[in-house]
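Here is the structure we will look at.
Rule-based calculations on the coordinates, nothing more; no lab input. Please read all numbers here as calculations on a predicted model, not as lab measurements. Note: ideal-geometry Cβ built from the backbone for every residue, glycine included; neighbour counts use all protein chains shown.
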């Protein structure tokens, strides 16, 4: 990892994430009644809990809206949740004001074309392994794991280890 990238990561105070393809595997499942089901990774969820314990705020910015996202966000105690956010930049600007942070203090994790505008604004831009090639081109970092399969946990560990908070958190969790 370059010193420049380490410098970007050390400034992070907010982890913001897309949902479909990032917190989930990107599949939209409808049951026989038309209810939408989403599959979230438990290790990603624990990563979100860890990063919050380290004092880093969390946010979801999604162009879609789903009850499953509302439930999961409440379960994980996500600080700011924006659904039906299109274009995403409007929600992003509100998030900056409400959390009192600058763009260089934000990490955003995305996977598809609507995420590019945010990835170009934030201090640490992350694309998941399964992201569109255009998204990967603007990212500072591409995860080894796919969205919905540990990518968020990977980003959390990268941030916390780079900021020197990982070992202290592990000691508290043991």
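Listed from fewest to most Cβ neighbours within 10 Å, the set 116, 152 follows the order 116, 152. Region 16-117 has equivalent-ellipsoid semi-axes of 22, 17, 12 Å, by the square roots of 5 times the alpha carbon gyration tensor eigenvalues, sorted largest first.
Quick one: length gained pulling residue 36 to residue 117 fully straight, 0.36 nm per residue minus the C-alpha distance? Walk me through the numbers before you get to the answer.
On the way: separation 81, 0.36 × 81 = 29.16 nm, distance 2.70 nm.
Gain on stretching residue 36 to residue 117: 26.5 nm.
Output the antiparallel fraction of DSSP beta bridges having both residues in the chain, as a percent to the nearest 5. Among the beta bridges of the chain, antiparallel pairing accounts for roughly 15 percent.
Counting other Cβ atoms within 10 Å as a rough exposure proxy, the listed residues 167, 136 run 167, 136 from fewest neighbours to most.
Using the alpha-carbon positions of the chain, Rg (one decimal) and Dmax (whole number) come out as 15.0, 52 Å. Percent of Cα pairs in region 1-57 per distance bin of 5 Å, from zero to the largest separation: 4, 14, 17, 17, 18, 13, 7, 4, 3, 2, 0. In this structure, residue 172 and residue 10 have a Cβ-Cβ separation that, at R0 = 22 Å, corresponds to a calculated FRET efficiency of about 0.60. Take every Cα pair under 8 Å whose residues are at least 6 apart in sequence, average their separation, divide by the length of the chain, and the relative contact order is 28 percent.
Given R0 = 22 Å, the distance between the Cβ atoms of residue 102 and residue 136 translates into a calculated FRET efficiency of 0.35. Taking other C-beta atoms within 10 angstrom as a stand-in for reagent exposure, 1, 17 fall in the order 1, 17, fewest first.
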